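The values are calculated or read from the model by the stated rules, or taken from the named source; none is laboratory data. Note that the structure is a prediction, hence the values are computed from the model and not measured. Cβ sites come from the backbone with ideal geometry, for glycine too, and all protein chains shown count toward neighbours.
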Amino acid sequence: MSKFNARILLEPNKVPKEWVNILPDLPLPITPLINPMDGMPAPPELAFAIFPKECVMQEVSQERTIPIPKELREIYAQTYRPTPLHRAYGLEKDLGIEGDDIKIFYKNESVSTTGSHKPNTALAQAFYAKKEGLKELVTETGAGQWGSALSYGCNLFGLKCVVYMVRASYIQKPGRKILMKAYNGEVHASPSKHTMSGRIFYDKNPEHPGSLGIAISEAVEHSLTRDDARYSLGSVLNFVCLHQTIIGQETKMQLSKVGISEPDIIIGCMGGGSNFSGLALPFMRDKLEGKLPNTQFIGVEPRACPSVTKGEYRWDYGDTAKKAPILKMHTLGHSFIPHPIHAGGLRYHGIAPIISNLINNKLMTSSMHFQTEVIAAGLQFARTEGILPAPETCHAIKEAINQAVLANENNEKKVIVFNFSGHGYFDLLAYKEFMEGNLIDFELPSEEISEALKSSDMPIVDESKF
Ligand SMILES: *Cc1c(COP(=O)(O)O)cnc(C)c1O
C-alpha cells in the first residue's frame, strides 16, 4: 500500500442509503423494553410518549435494512460524511512494525461537526422529531459530547434542546457547556430543582455531584410533562446503534478500496455501546452469514466501570430513579455510581442490549484497561498520528496497540480496524493531570459489584409472563 493511500476517502454521494438492522439476524431474539411501572413489555403508546414515534418503530423493526431519508443523507454529506479511514502508518512505525503484515486502520469520527460519532444519531433523532411536529427534545449528558451533539442537531431543525448535565462535569468541563449554549441548548446542572427526581438529591445537597442515572431520570421526567417534547438518548437503545451503522458501512467500502475484504480484528470503546456497534454491526452481519469466519470483535471498557467484563446479564433499570425503561443487559446495577474517571462517556452502569446479546452468543469479547495506560496510549497516538483523542477513544487505541504488538511478536499477519470515536480537545484536563503525574487509576472491586447487584432494589421481571 502506498502512503498516498493513507487517508482513504469516499465521495459525498457514497453516504450509505440505508442503516443495517442487526435485530433479525441475531441468533437469539432481542429482549423488549420493559415498563418500570409493571414489569411488562412497554406498550407502544407508552414508548411513543417518551421517544419520537419513528425511533420507537426502528427500536423493534425486523427489517434487515432501514432507508435513511434523503434529506438526512444530504445533511450528512453537506457537513462531514463520509468520514476518512486512515492507515496509522505513524503509530505502526512507533510500535516497531514494518512492512505490510500488520496494518492498523482507524475510522475518524472526530471530523464530525461536534467532534465525535454522536451527531450521526443526533441529526437523525432531531430530523424525526421535527417531522412529527414536536417542538423540544430533552436529554442528559455526562462529559457533554452527547449534549453538544443534540443541541447542534436540534438547532439545525429549529427545535428546542434541554440538557441535564451531571453537575460534576458541569463544573469541571465548562467548555462543553459553552458549546451546547453556542448551539442554543438550555443546560441545567443535575441534580437540579426543576424535577422531582432531581429535587430528592438537590434539596439535601445543592452541590450534589450527580450521575448519569440521575440525569436520565430528570430528562425523562421533564419530557413527560410536555406534549410536544420527547426524550432523546444518545446510546444504548437499538435505534441509536442502528443510526451509527453508517460508520461500518463506509469502512467496508474504504477497506475494499485498498483491497481488504476480511479485517481480522474490529475494535471500539464501549460506554453504552453505540460507536462500537456502529463500526462492528455491518461486519457482524457478514459474520452471521458465514462470510467473515475469522474476524474477531473486541469492545473495550474502563477498569473503573467494566459493565460487560464484570457485570451480570440481567434485567435492570436504565436510570437511578427507575423512570426509564428496564432493559436486559450486562449491568453493574442502576444504583452504581462509578469513580470520576475522565472518560465520562464510558461511565454508564449498563450496556446496549445488542452488545449483551452478542457477548452471550460468544460473537464478540470485551477487554478493560486502566485510566493511566489509556491516556498514555492517547498521547502516543497524538504524537504519531497528530490528533489528540478523547479519553473514551483512548481505550480503543490502547487495545489496538496491544493487539498489534502481540501479532508482531508472533509474526502474524493482521488487519486491525478501530473506531476513532472522538477528539479530546475539550478533555485537556485529563492530559494535564497525566503529565503532572496526578492521574489516578481506579479498579472496581468485585465485592462492590456483587453488593450493588444484591440490592433488593433490582427490578423483578418475569419473562414467562410475556
Ligand atoms: C459518548 C462517547 C463514547 C461512548 O458512547 P458509546 O455509545 O459507547 O459509543 C465514546 N467515545 C466518545 C468520543 C464519546 O463521545
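Tabulated data for the structure shown
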| quantity | calculated |
| --- | --- |
| Cβ pairs under 8 Å, 6+ apart, first in segment 190-212 and buried (at least 23 other Cβ atoms within 10 Å of the Cβ), second outside any loop (DSSP other than H, G, I, E, B) and among the polar types (S, T, N, Q) | Pro191/Ser197; Thr195/Ser217; Ser197/Ser217; Gly198/Ser190; Gly198/Ser217; Gly210/Ser190 |
| Residue list for segment 36-62, restricted to those being more than 23 Å from the chain's Cα centre (by Cα) and in contact (Cβ under 8 Å) with a residue 24 or more places away in the chain | Pro36, Gly39, Met40, Pro41, Ala42, Ala49 |
| Some residue of segment 440-449 being within 16 Å of the ligand (Cβ to nearest atom) and crowded, with 21+ Cβ neighbours inside 10 Å | no |
| Val220 vs. criteria of a type in the set (A, V, I, L, M), out of contact with any Leu (no Cβ under 8 Å at 6 or more places or on another chain), away from the ligand (no atom under 16 Å from the Cβ) and part of a helix (DSSP H, G or I) | yes |
| Which listed residue, of Ile359, Ile355, is within 12 Å of the ligand (Cβ to nearest atom) and modelled with pLDDT of 95 or more | Ile355 |
| Residue selected from segment 325-340 under the condition aliphatic (A, V, I, L, M) and at pLDDT 85 or above, by the criterion farthest from the ligand (Cβ to nearest atom) | Ile326 |
| Residue within segment 251-266 that is hydroxyl-bearing (Ser, Thr, Tyr), away from the ligand (no atom under 14 Å from the Cβ), assigned to a loop (DSSP other than H, G, I, E, B) and farther than 17 Å from Val163 by Cα present | yes |
| Which numbered condition Gln380 fails, given (1) within 12 Å of the ligand (Cβ to nearest atom); (2) modelled with pLDDT of 95 or more | (1) |
| Residue among Tyr128, Tyr106, Tyr89 that alone is within 16 Å of the ligand (Cβ to nearest atom) and of a type in the set (Phe, Trp, Tyr) | Tyr106 |
| Test: residue in segment 315-323 that is within 16 Å of the ligand (Cβ to nearest atom) and surrounded by 19 or more Cβ atoms within 10 Å (Cβ to Cβ) | yes |
| Test for Ala49: is it in contact with a helix residue (DSSP H, G or I) (Cβ under 8 Å, 6 or more places away or on another chain), modelled with pLDDT under 95 and assigned to a helix (DSSP H, G or I) | yes |
| Residue list for segment 226-250, filter: in a loop (DSSP other than H, G, I, E, B) and either within 16 Å of the ligand (Cβ to nearest atom) or farther than 24 Å from Gln58 by Cα (or both) | Ser232, Leu233, Gly234, Ser235, Val236, Leu237, Gln244, Thr245 |
